[in-house]
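Encoded as structure tokens, the structure appears first; notes follow it.
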Amino acid sequence: MAEKSIAGSSVKEIFIEEDFYVLKIQNDSNQPQSFTREIDSSYIQLHFCLKGSVTFAFNAGNYTLDVPLENSLLLYNTQVDLPLNLTLGEGSAMISLIITIRNFHALFSKEADYIPFLSAGNKEKKYYAQEGISPAITVILNQIMNYNLHVSVEELFVRGKIYELIALYFNRSEDVDIEQCPFLVDEENVRRIRRAKEIVISRMAEPPSLAELSEEIGLSLKKLKEGFKQIYGDSVYSFLFDHKMEYARKMLESGKHNVNEVGLKVGYSTASHFITAFKKKYGTTPKKYIMALSGG
């Protein structure tokens with residue numbers, strides 16, 4: 001692993017295997033910071049914005065693309081090199097996966113055609129996709145960004161998390177056609193679905209029913225369900241469950257709240273219900289989780 005600082009920002013490069021590496025880029029300063037790196041056309045790039053916002057510049061700066069908080073960007077072009085030319089807003093952080101197309105194919109083996117841009121008909125085409133990040137992926141990204149492990153197991157941990165991240169990112173339900181999402185062409189629909197996400201998160205202790213939510217955002221129940229799944233890769237309440245458990249985990253890690261307080265905060269009227277939900281998500285009880293953190 002190599003790490004260097006650039007005027008208020010830090011860049012950490014993590015080697016996963018030959019022709020596959022990860023960049024952890026953070027801007028801890030109070031002003032935008034730029035970062036550049038040459039990347040040739042044999043690579044696929046997958047970028048995740050964890051904090052703040054990132055602006056990508058292409059074609060010598062003639063075209064820019066903003067990737068806001070909790071969004072990802074996938075880039076792939078076999079015909080033209082796509083060097084990284086980024087500007088990170090103040091307090092921003094991102095994780096980037098850079099892997100050759102050959103290595104990427106090997107990850108999926110016979111299932112490569114399952115990924116649209118890897119199918120035989122698209123081998124010579126460019127491809128890009130920008131979409132929201134699910135809570136499950138956010139959990140993994142934060143673990144990759146913030147782990148505190150002994151150096152002897154650091155690389156093994158990160159490598160495992162990166163493969164987990166790739167698996168979740170490409171875990172598409174069969175009923176959603178990635179290449180044909182007319183719903184997402186309508187920016188107003190996307191805005192309403194994002195509003196739905198904001199509503200359920202802000203009221204996670206007492207979330208509205210799906211019928212109430214669809215009425216509040218002005219979309220039919222069917223469009224709400226389909227659109228939410230297309231943008232966030234999960235149903236509304238499954239998404240909310242993941243978010244609540246991640247929120248609860250962070251509260252427990254702070255050491256400022258007991259199990260009852262955390263459970264109430266995320267919407268569980270009894271500690272036993274919260275403990276059951278937490279164990280379903282993380283495979284351990286909140287109390288054992290806290291003890292493991294403290295080394296007890």
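Points to keep in mind about this one:
- Failed item in (1) within 25 Å of residue 233 (Cα to Cα); (2) at pLDDT 85 or above, with residue 110 passing the rest: (2)
- Within segment 35-90, the residues that satisfy the criterion of being farther than 25 Å from residue 145 by Cβ and of a type in the set (S, T, N, Q) are 41, 42, 59, 62, 77, 78, 79.
- Unique residue being out of contact with any Pro (no Cβ under 7 Å at 6 or more places or on another chain), closer than 30 Å to residue 241 by Cα and at pLDDT 85 or above when the list is 115, 133, 99: 133
- Pairs are defined by a Cβ separation below 8 Å, a sequence spacing of at least 6 or placement on different chains, a first member in segment 250-277 that is on the phi > 0 side of the Ramachandran plot, and a second member that is surrounded by 12 or more Cβ atoms within 10 Å (Cβ to Cβ) and part of a loop (DSSP other than H, G, I, E, B); the pairs so defined are 267/204; 267/205; 267/207.
- For residue 244, the conditions (1) touching a helix residue (DSSP H, G or I) at 6+ places or on another chain (Cβ under 6 Å); (2) modelled with pLDDT of 90 or more; (3) under 30 Å from residue 188 (Cα atoms) all hold with the exception of (1).
- Of all residues in segment 278-296 being without any contact (Cβ under 8 Å) to a residue 40 or more places away in the chain and among the aliphatic types (A, V, I, L, M), the one that is surrounded by the fewest Cβ atoms within 10 Å (Cβ to Cβ): 292
- Residue within segment 13-29 that is farther than 21 Å from residue 161 by Cβ, assigned to a strand (DSSP E or B) and touching a residue at least 60 places away in the same chain (Cβ under 8 Å) present: yes
- Any hit, segment 186-208, residues being open to solvent by 40 Å² or more (accessible area, probe 1.4 Å), aliphatic (A, V, I, L, M), outside any helix (DSSP H, G or I) and modelled with pLDDT of 90 or more: yes
- Residue within segment 228-246 that is surrounded by fewer than 16 Cβ atoms within 10 Å (Cβ to Cβ), under 28 Å from residue 192 (Cβ atoms) and among the small types (Gly, Ala, Ser) present: yes
- Considering only residues in segment 71-87 that are over 16 Å from residue 46 (Cβ atoms) and in a strand (DSSP E or B), the one that is farthest from the chain's Cα centre (by Cα) turns out to be 85.
The values are calculated or read from the model by the stated rules, or taken from the named source; none is laboratory data. These numbers were taken from a predicted model, which means no experiment stands behind them. Backbone-built Cβ (ideal geometry, glycine too); neighbour counts: all protein chains shown. Heavy atoms of the whole protein, side chains included, go into the accessibility calculation; ligands, DNA and RNA do not. Shrake-Rupley method; radii C 1.70, N 1.55, O 1.52, S 1.80 Å.
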